[in-house]
Amino acid sequence: MPNRRRIDYYFSLISPWSYLGHAALHDVARAAGAAIDYRPVRIFDLFAANGGVPLGQRAPARQRYRLIELQRWRAARGLPLNLSPRHYPLDIALADRVAIALVERGEDPAGYVADAYRALWAEDRDLADRDVLAALLAGRGHDAAALATADGEAVEARYRRNTDAAIAADLPGLPGYVVDDEPFWGQDRIEQLQAMLAEGRPPLRGG
């Protein structure tokens, strides 16, 4: 029996694009029988290494165009999305590390990640607040002890390794989906990811 294909899912909960692609990615993986490996990333370190620019440093035209694209994709994906969340920008590191902690504890982070995206991007909740994160964990049946795990050095080391791997995969930003070392950057590449999985073709190389 062939090995199950795996999708390395590079994301940060602070990315609205990661949120917009989350459910669609899972639909594609489920249809293809592929597994998803969750790899939260320090997004600003990725930007610095691979040429991305934080939102506040982009030209005004690019910032305005981003808002148009977010509205287009909000409609296309059928998801609620607040263009100006009350708690944004924020320090997302702990919320991202909680997802890593769940993986380290042998638990499926999918539900927590989905709820955390929605909390920030649709419900105006503060993902830098430990009580909010504890409530999100409890809502999915996870022990709040995952927060203590998230504070540990092992999880921080995994966060750094994920970021290094995203940089090495040549991802300019998030979300990124990597299959057999072929990168797909952006939730608007999910359909191309779907085609690759359906065709079973070998991965493309950048040279």
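Throughout, read-outs are computed from the coordinates displayed, never taken from laboratory work. Computed from a prediction, not measured in an experiment: that's the story for all the values here. Counting neighbours? That spans all protein chains shown, and the Cβs are built from the backbone with ideal geometry, glycine included.
Couple of notes before you dig in:
- Per-residue Karplus couplings for segment 83-93, computed as 6.51 cos²θ - 1.76 cosθ + 1.60 with θ equal to phi - 60°, are listed in order as 5, 9, x, 4, 10, 8, x, 7, 7, 8, 4 Hz, Gly and Pro entered as x.
- All Cα-Cα distances of segment 1-49, cut into 10 Å bins from zero to the largest, leave 23, 47, 23, 6, 0 percent in each bin in turn.
- Packing, taken as the mean count of other beta carbons within 10 Å per residue, orders the peptides 138-151, 76-89 from highest to lowest as 138-151, 76-89.
- If you plug the beta carbon distance of Glu69 and Phe44 into 1/(1 + (r/R0)^6) with R0 = 22 Å, you get a FRET efficiency near 0.60.
- When the convex hull of its Cα atoms is projected in every direction, mean area for the chain (nm²): 12.1 nm²
- Dipole magnitude (debye, nearest 20) for the chain, charges at Cβ of Lys, Arg, Asp, Glu: 620 debye
- Here the ratio of the Cα radius of gyration of segment 38-113 to 2.2 N^0.38 Å is 1.33.
- DSSP-defined beta bridges in segment 6-199 - what % are antiparallel, rounded to 5: 55 percent
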